[in-house]
Amino acid sequence: MATQSNTNNGENSKSLGKFFKGVKSELKKVIWPNKKELTSNTIIVIVSVILTATAIWALDSIFGSGLNLIIG
């Protein structure tokens with residue numbers, strides 16, 4: 001049994017090395033955004049999150065008030 005685990009450890013380290021080489025080669029293919037695109041996309045995400053949170057808060061308040069009228 002001990003010999004099998006030693007064999008597997010060697011194979012695992014080789015496949016782990018292959019994995020990281022593959023990751024490195026794939027990351028070279030990525031087209032990273034420039035500063036202008038990054039800023040623009042960040043602003044869009046922040047505004048979208050704020051609008052969605054506001055809509056959820058408004059709906060929660062409306063439904064909460066309606067439920068209080070029914071229960072209370």
Checklist entry - Within the stretch 2-21, is even one residue of a type in the set (Asp, Glu) and modelled with pLDDT of 95 or more? => result no
Checklist outcome for this item: The correct count of residues that are part of a helix (DSSP H, G or I) and under 20 Å from the mean Cα position of the chain (by Cα) in the stretch 30-41 is 5
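The values are calculated or read from the model by the stated rules, or taken from the named source; none is laboratory data. Note that the structure is predicted; figures quoted are calculated from it, not measured.
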